[in-house]
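The values are calculated or read from the model by the stated rules, or taken from the named source; none is laboratory data. Keep in mind it's a predicted model, so treat the numbers as computed, not measured. As a convention, Cβ positions derive from the backbone with ideal geometry for all residues, glycine included, and neighbour counts pool all protein chains shown. Surface areas here come from the heavy atoms of the whole protein model, side chains and all, with no ligands, DNA or RNA. Shrake-Rupley method; radii C 1.70, N 1.55, O 1.52, S 1.80 Å.
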Amino acid sequence: MLEIDGREVRVSNPDKVVFPEPGLTKLDLVNYYLAVADGALRGAAGRPMVLKRFVKGIDAEAFFQKRAPEKRPEWIDTATLHYASGNSAEEVVVRDAAALAWVVNLGCIDLNPHPVRAEDLDHPDELRVDLDPMPGVGWGQIVDVALVARDVLTDHGLVGWPKTSGSRGMHVSVRIEPRWDYREVRLAAETLAREVENRAPGLATARWWKEERGESVFVDFNQNAKDRTVASAYSVRPLPDARVSTPLDWDEVRGSHPERFTVPTVLRRFAERGDAASGIDDAAGSLDALLRLAEELGPAEKPPKTSDGTGRRASTMPLIEIARAKTKPEALEALEQWKAKHAAVVTMLEPADVLVDGMRGRSSLWYRIRVNLQHVPEAQRPAQEELIVDYDPWTEYRGGGGGDRGDRPQS
């Protein structure tokens, strides 16, 4: 039982090892968040939060819990979000260090807040730039694209605050005045992505369809859609080394590789220098200039449609699908089986030709494997075969009215 600012928070199974490699327990994780609470709350406080719970450890898939648990302390705040589908969810709103410890005790390793404050759920106060590298892309290219994104923001009157994503990529957080709705913020983010691509062709891309990106950094503007969340500052990511999504100064970005920022190193860094993003709330800017640029650029190019009358997109690339699996290891095992069967084809593939998509289902991720055969001579391209693994994440919901089949890749 911890007493945090006059509130009691119970940590269940405090000695449970969450990260075996560095030997971090559940209580270690709670104490980490308390130590960096000033920075973590700057990124997450006052915002509705999706609870991404790793109840079976970091090696098992998390499940996403939008609705706040019915049994919760009376001092845990909530806010109700309404979606275009007609659904709504009363989500947890972390306000202080005690609430931070409480959500971590539920199995939340990273923090996933929405870009709005609970007091105004319709107008985001944060534009999120998610730089997502395709396979084969190194850290230097990610940094180059981040610096271009910084320049585009600066040229349009905005201040970008960089942080490692805690995985392979980088995030740039941008505080904005809460005057624009989600549609306008997403349009501004898409315009930013298109301008970054224009200034760094071949290095960056704003192309939505994964198979068209090549070995580039995708500037993922859709992280600004209403239903999306991003791991916030000082979030510990579910990787074996307990890597942390860490705010940086721009002058240290190039030499700051993601694997250098783990729970132990970030604790030392935070104790020595505090939060590199401490000024972010004083730098709220306007989207007017980016929205003017959106008018100048005109609508983004739309992909062709199929001729079967369904209105679905027709891919411009020769894609085949290998597997749909409940877990990533199952999906990757299916990929290895396909590679063994088509060894000659594998030698012709580029890293970015193998597409591993984490698809968000109703409450968890499932995984899809596709292969882009663009670098394989047409006569040698294998045909679409029966899926090696064919998992349907929606089977259990169809009988009761189903769910939204709008599966989409998750960064």
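Take the residues in segment 287-307 that are in a loop (DSSP other than H, G, I, E, B) and open to solvent by 100 Å² or more (accessible area, probe 1.4 Å), then tell me which one is modelled with the lowest pLDDT. Full working, then the answer.
To start, the set of residues in segment 287-307 that are in a loop (DSSP other than H, G, I, E, B) comprises 287, 298-304, 306-307.
Right, trim to open to solvent by 100 Å² or more (accessible area, probe 1.4 Å) and you get 299, 301-302, 307.
Values: 299: 88, 301: 75, 302: 72, 307: 58.
Within segment 287-307, the match that is modelled with the lowest pLDDT is 307.
Out of 73, 48, report the one residue that is touching a residue at least 60 places away in the same chain (Cβ under 8 Å) and buried (at least 19 other Cβ atoms within 10 Å of the Cβ). Let's see the steps before the verdict.
Values: 73 fails: buried (at least 19 other Cβ atoms within 10 Å of the Cβ).
Residue meeting the stated conditions: 48.
Please give the number of the condition residue 136 fails out of (1) modelled with pLDDT of 95 or more; (2) open to solvent by 10 Å² or more (accessible area, probe 1.4 Å).
(1)
If the requirement is being surrounded by fewer than 23 Cβ atoms within 10 Å (Cβ to Cβ) and part of a strand (DSSP E or B), which of these qualifies: 34, 81, 131, 127?
Numbers: 34 fails: part of a strand (DSSP E or B); 131 fails: surrounded by fewer than 23 Cβ atoms within 10 Å (Cβ to Cβ); 127 fails: surrounded by fewer than 23 Cβ atoms within 10 Å (Cβ to Cβ).
Only one candidate passes the filter, namely 81.
Please go through (1) part of a helix (DSSP H, G or I); (2) touching a Ser or Thr at 6+ places or on another chain (Cβ under 7 Å) for residue 18 and return the number of the only condition it doesn't satisfy.
(1)
When you look at residue 225, is it within 16 Å of residue 131 (Cβ to Cβ), open to solvent by 10 Å² or more (accessible area, probe 1.4 Å) and modelled with pLDDT under 95, yes or no? Give the steps one after another, and end with the answer.
On the way: within 16 Å of residue 131 (Cβ to Cβ): no; open to solvent by 10 Å² or more (accessible area, probe 1.4 Å): yes; modelled with pLDDT under 95: yes.
Here the answer is no, as residue 225 does not meet what is asked.
Pairs needed: first member in segment 382-406, within 17 Å of residue 324 (Cα to Cα); second member anywhere, modelled with pLDDT of 85 or more and in a loop (DSSP other than H, G, I, E, B); C-beta distance under 8 Å; at least 6 residues apart or different chains.
Here the result reads 391/326; 393/326, each pair linking segment 382-406 to a residue that is modelled with pLDDT of 85 or more and in a loop (DSSP other than H, G, I, E, B).
Give me the pairs: first residue in segment 139-152 and open to solvent by 10 Å² or more (accessible area, probe 1.4 Å), second residue small (Gly, Ala, Ser) and modelled with pLDDT of 95 or more, beta-carbon distance under 6 Å, and six or more apart or on different chains, which are they?
148/200; 150/160
Search segment 160-204 for residues being without any contact (Cβ under 8 Å) to a residue 24 or more places away in the chain and outside any loop (DSSP other than H, G, I, E, B), and hand back the single one that is least open to solvent (accessible area, probe 1.4 Å).
First, pick out the residues of segment 160-204 that are without any contact (Cβ under 8 Å) to a residue 24 or more places away in the chain: 183, 197-198, 201-202.
So of that shortlist, the ones also outside any loop (DSSP other than H, G, I, E, B) come out as 183, 197-198, 201.
Numbers: 183: 155, 197: 51, 198: 97, 201: 96 Å².
Out of the qualifying residues, it is 197.
Could you tell me which residue of segment 230-269 is farthest from residue 153 (Cα to Cα), considering only residues that are of a type in the set (S, T, N, Q) and surrounded by fewer than 20 Cβ atoms within 10 Å (Cβ to Cβ)? So that I can check it myself, show each step before the final result.
Of all residues in segment 230-269, those of a type in the set (S, T, N, Q) come to 232, 235, 245-246, 256, 262, 265.
Going one step further and asking which of them are surrounded by fewer than 20 Cβ atoms within 10 Å (Cβ to Cβ), we end up with 256, 265.
Details: 256: 21, 265: 30 Å.
Among those residues, the one meeting the criterion is 265.
Is it the case that segment 19-28 has a residue that's surrounded by 14 or more Cβ atoms within 10 Å (Cβ to Cβ), more than 25 Å from residue 116 (Cβ to Cβ) and acidic (Asp, Glu)? Even if it seems obvious, please write down each step before you answer.
Our first condition is that a residue be surrounded by 14 or more Cβ atoms within 10 Å (Cβ to Cβ); within segment 19-28, this holds for 19, 22, 24-28.
With more than 25 Å from residue 116 (Cβ to Cβ) added as a condition, the list becomes 19, 22, 24-28.
Subset that is acidic (Asp, Glu): 28.
Checking segment 19-28: at least one residue is surrounded by 14 or more Cβ atoms within 10 Å (Cβ to Cβ), more than 25 Å from residue 116 (Cβ to Cβ) and acidic (Asp, Glu).
Out of the residues in segment 308-359 that are at pLDDT 90 or above, small (Gly, Ala, Ser) and not in a strand (DSSP E or B), state the one that is farthest from the chain's Cα centre (by Cα).
Filtering first and then ranking leaves 344.
From the list 137, 116, 148, exactly one residue is among the β-branched types (Val, Ile, Thr), under 20 Å from residue 45 (Cβ atoms) and touching a Lys or Arg at 6+ places or on another chain (Cβ under 9 Å). Which is it?
Only one candidate passes the filter, namely 116.
Among (1) within 30 Å of residue 25 (Cβ to Cβ); (2) among the acidic types (Asp, Glu); (3) modelled with pLDDT under 95, there is one condition residue 275 misses while meeting the rest; what is its number?
Every condition holds for residue 275 apart from (3).
Considering only segment 98-124, how many residues are in a strand (DSSP E or B) and under 28 Å from residue 31 (Cβ atoms)? Spell out how you get there, then give the answer.
Our first condition is that a residue be in a strand (DSSP E or B); within segment 98-124, this holds for 108, 112-113, 117, 120.
Cutting the leftovers down to under 28 Å from residue 31 (Cβ atoms) gives us 108, 112-113, 117.
Selection size over segment 98-124: 4.
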